[in-house]
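This report concerns only the one structure given below.
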């Protein structure tokens, strides 16, 4: 350690000064590394996955932060109130970068939460009446995602050119055919599970379905496919922190075989590790 280094009495003052500066720098780096990494995460499954990471890697000092609805985790990240967040997919991140006029960094792709179509009124799509109601997320990217899912389930078709959800954002104006004349109701994503009794169908994000006690793999009338799914949930940080060793270690842990196995065994098809989806 530099603090134990004994210098000859005649050592030039310039050397002493440089060594003192290096010692101060190393001391600062050590203190910085000891600081907990502040990661915002949704309660399910993100915070549960991070809790498992802390279990298998106790040397990684994480402070997992769950925030109330209404706060924007990307604004918190941009303002330096958190060091990373883990709740979103790339299409949503891109829309946020545009809205906030800031550039973030994707540190890791971790898992997919298949978007699902649910109903507490009907056992099949055939039972859905004419002029039935469908609750969908009201944010741009998940609204588009919901419409592509409804198309894949044969409930609507989108206009020509809307065949790649990663590239073409769809809105209700882009519906070409709607045989049952379904009424599309745009609702805040966390509120959609509560609307189930009031609508014929509801398109629900995987994390909100799990929080509501639903099992996507069992309860959904239809689910997104994992293969080719562009909506992998990601660990996001800032350009300033992208080379932070704590970020790099967390990214490595989140993409490890142990975490993939934990996701598969814990969520039983309702959450899919990206590594499994690619295999």
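The values are calculated or read from the model by the stated rules, or taken from the named source; none is laboratory data. From a predicted model like this one, the values you see are computed outputs, not experimental measurements. FYI the Cβ positions are ideal-geometry reconstructions off the backbone, even for glycines, and counts take in every protein chain you see.
Checking the structure you have, find out if any residue of the stretch 117-132 is touching a strand residue (DSSP E or B) at 6+ places or on another chain (Cβ under 7 Å) and within 20 Å of residue 164 (Cβ to Cβ).
No, every residue in the stretch 117-132 fails to be touching a strand residue (DSSP E or B) at 6+ places or on another chain (Cβ under 7 Å) and within 20 Å of residue 164 (Cβ to Cβ).
Quick test for you: out of 196, 147, pick the one residue that is at pLDDT 95 or above, outside the structural domain of residue 236 (by TED's automatic domain parsing) and surrounded by 21 or more Cβ atoms within 10 Å (Cβ to Cβ). Let's see the steps before the verdict.
Numbers: 196 fails: surrounded by 21 or more Cβ atoms within 10 Å (Cβ to Cβ).
So the residue among 196, 147 that is at pLDDT 95 or above, outside the structural domain of residue 236 (by TED's automatic domain parsing) and surrounded by 21 or more Cβ atoms within 10 Å (Cβ to Cβ) is 147.
Keeping to the stretch 111-136, report how many residues are surrounded by fewer than 20 Cβ atoms within 10 Å (Cβ to Cβ) and part of a strand (DSSP E or B).
1
When you scan the stretch 56-76, do you find a residue that is surrounded by 19 or more Cβ atoms within 10 Å (Cβ to Cβ), assigned to a helix (DSSP H, G or I) and at pLDDT 95 or above, even just one?
yes
Quick grid of which residues meet (1) free of Cβ contacts under 8 Å to residues at least 24 places away in the same chain; (2) surrounded by 21 or more Cβ atoms within 10 Å (Cβ to Cβ); (3) touching a helix residue (DSSP H, G or I) at 6+ places or on another chain (Cβ under 8 Å); (4) part of a strand (DSSP E or B):
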site: 82; (1), (2), (3), (4): no, yes, yes, no
site: 86; (1), (2), (3), (4): no, yes, yes, yes
site: 95; (1), (2), (3), (4): no, no, yes, no
site: 99; (1), (2), (3), (4): yes, no, no, no
site: 107; (1), (2), (3), (4): no, yes, yes, yes
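Please list, ordered by first then second residue, the pairs with beta carbon atoms under 7 Å, 6 or more apart or interchain, first in the stretch 224-236 and in contact (Cβ under 8 Å) with a residue 40 or more places away in the chain, second part of a loop (DSSP other than H, G, I, E, B).
Cβ pairs passing all conditions: 224/114; 224/115; 226/114; 230/165; 230/166; 233/113.
Return yes or no: is residue 260 closer than 28 Å to residue 36 by Cα, out of contact with any helix residue (DSSP H, G or I) (no Cβ under 9 Å at 6 or more places or on another chain), at pLDDT 95 or above and crowded, with 20+ Cβ neighbours inside 10 Å?
no
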